[in-house]
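Encoded as structure tokens, the structure appears first; notes follow it.
Every read-out reported here was derived from the displayed coordinates using simple, explicitly stated rules and does not represent laboratory data. As the structure is a computational prediction, the values presented were derived from the model and not from experiment. Note that we place each Cβ from the backbone using ideal geometry, even for glycine, and neighbour counts take in every protein chain shown.
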Amino acid sequence: MKIRKELWFGLSLMAIILVAISVVLLRAPAITNGHLGLLMLALIVVAIMLGFPTAFTLMGMGMFFGWLAYRSVNPDLAVQQILDLMVQRAYSVMSNDVLIAIPLFVFMGYLVERANLIESLFKSLHLSLARVPGALAVATIVTCAIFATATGIVGAVVTLMGLLALPAMLRAGYDIKIAAGAITAGGCLGILIPPSVLLIVYGATAGVSVVKLYAGAFFPGIMLAGLYVVYVIVVAKWKPHLAPPLAASERAVALPPLSQALSERGNNALAGLFGGLRMPSLPKGKVAGQLFVSMLPALSIAVLLVLMFNAATSPVATVDTTGLVQSGGAISAEESPAEMGGSLSEPPKEEGGLTEPPSSEAASAPAAAPTAAVASTPVAKTSETMPAAPKAERVPAPTWYWVVFGVGMTGLALISWLMNWQRLEIFKMLLASFFPLAVLIIAVLGSIVFGLATPTEAAAVGAFGGVLLTAAYRYNAARKAKVGSAVGKTLSDLGGIVKESSFLTAKTSAMVCWLFVGSSIFSASFALLGGQDIIETWVLSLGLTTLQFMLLSQFIIFILGWPLEWTEIIVIFMPIFIPLLAKFNVDPLFFGLLVALNLQTAFLSPPVAMAAFYLKGVAPKHVTLNQIFAGMLPFMGIQVLALALLYAFPGIGLWLPTLLYK
């Protein structure tokens, strides 16, 4: 029987691991607990690659090797101690408040996935980007980035976009490689872009604030999506046959009767709608509504410019400290140490309701009380007679604002000139498909980043908003279909969606929570055996610089991303790397951003690229796995470039959390 290349790779990697650990054990003069820890670490990787359940394999190995560690100290108490360890670690996971956000975010993601809004969003995006080279691939990446902000489920994004975008790109004549690469790379953005479940798991494992991780991952995610878009545009411009432009028939949008009637008077939508207000034969309400919608981009730019002007010219707040004296400052400055000695005498004693006179030592220092009185009097008088502060004046607008103002005005002129009837209909489609989702995203992520709610609270709001969003879109679809009662159809569909989403959420959340329990027991046993100390001693003995350590750690994580899922890498290997960060002065927040970006690369690296298998499951039969792998390789190179940019310019990830959480 012919063995597949992926199986050969897995067997070879397991053999390398076993040979390496055997060499280490055979060369050791004596087998210590530390060697058992290294053996445990190697065996868990091999067991996972063989297909054993990760969570229960972690628990089983952790229990067995932990028992060996306790048995080497006190054989009589070993069983009791390892059972106590298991209970304590399981309870610590159950009491971790951060993990509550995981099922809520997963539930929100499954609801949004089944709300049928991604299809309309993709259609409106590729119509609005029709003039951009590689419009369908660009629309795919942008849709994936937007969808990633509503769900951190990588498999769901790749699968759904494989059903929607891949057939559309193949019909348009796109090369299979660039189509597959755009879908798999865009679908993996959910690993990095908030609300990423990976960042929650990393934060709980490394003890890093999830709020700061979300703020830090925002710009790297946008940067990576932007690099993808630039690559697709360059390829489509350089080799148009790989990503041909949309045909004119596919760009056309049917106009409603009102727009058709007004389009006969001119092609500019704004001028036509203003003229339509003066036509008595047309309904004024409909025309005014269409005019308001068409002016929304201009109104948004105008409001943004006003807000920026107010922020740029706001008066500088100054605090008038005239007449104020620091607490105790005047007394300390005017009294000598000898004078202060009198104030340290014991208070007068009371006997029979009478107060004893002060001692002679206290009476000999009468200067303290008058000095205090003199020092306090001007302060009170000054505060009573202090004049009202003059009203602060606004500062002149800086040069950068006028540059932005000029760009905004140019944008307004372009929008007014380019807003024809076709673009107005496309904008309405984009508004209807994206605006409700944008409100949900801003409500969830905005409340987290700006400190209005914890991730758990925001996730609860997002889950509830997902239910409302699903109900609204299902109701709209039922009204358009005109099949029976729209309300009854909506309730029936919503019940099925909530039931299915709840089941999938419970399944995913149970997996993550059991992984945490297993990894907690495994990490504790690894530490008991001294494995962490051996690795730390070995790494420090290499004399690595910070750059060399970062390269080594990221290379190891990249290699581990081939056979292992990101959950296994985070919960098993991050507890090994985290203690080393302080030795090399590496911020755990920055390290987490690099890990998230690195694991995206691992998701696209053959031969065990999970995104490729997700896409292959829904792709047509003529699309081969090798073609998908070939399409992912350029995007994997872009991810390596983004990783280098993030390391070279840490401000890409650290600027926003530093600004918001000083």
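Brief remarks follow.
- Global form of segment 509-613, assessed from the alpha-carbon gyration tensor, a/c cut-off 1.5: oblate
- Across all directions, the average flat footprint of the convex hull enclosing the Cα atoms of segment 454-583 is 12.0 nm².
- Remark: D84, D493 ranked as D84, D493, counting other beta-carbon atoms within 10 Å and listing the fewest first.
- With a threshold of 24 Å on the Cα-Cα distance, the over-threshold entries among K237/K428; K286/K428; K123/K284; K428/K489 are K237/K428; K123/K284; K428/K489.
- Under Karplus coefficients 6.51, -1.76 and 1.60, residue-wise ³J(HN,Hα) of segment 100-110 in Hz, glycine/proline x: 5, 5, 4, x, 5, 5, 5, 4, 4, x, 5
- Of the trypsin sites (Lys or Arg not before Pro) found in segment 488-583, no site is in coil according to DSSP while having at most 10 other Cβ atoms within 10 Å of its Cβ.
- Full extension of the chain between F64 and L77 yields a length gain of 3.3 nm, computed as 0.36 nm times the residue separation minus the alpha carbon distance.
- Here segment 484-613 is treated with +1 on each Lys and Arg Cβ and -1 on each Asp and Glu Cβ, and its dipole about the Cα centre works out to around 240 debye.
- Summed residue charge, Cβ within 14 Å of I448's Cβ, Lys/Arg positive, Asp/Glu negative: 0
- Measure of compaction for segment 455-513 (Cα Rg per 2.2 N^0.38 Å): 1.35
- Among F649, F218, F584, a tally of other beta-carbon atoms within 10 Å of each Cβ gives an order, fewest to most, of F649, F584, F218.
- Global form of segment 235-308, assessed from the alpha-carbon gyration tensor, a/c cut-off 1.5: oblate
- Proximity of backbone amide H atoms, modeled 1.01 Å from N, is registered between N420 and A269 at under 5 Å, excluding neighbours fewer than 5 places apart on the same chain.
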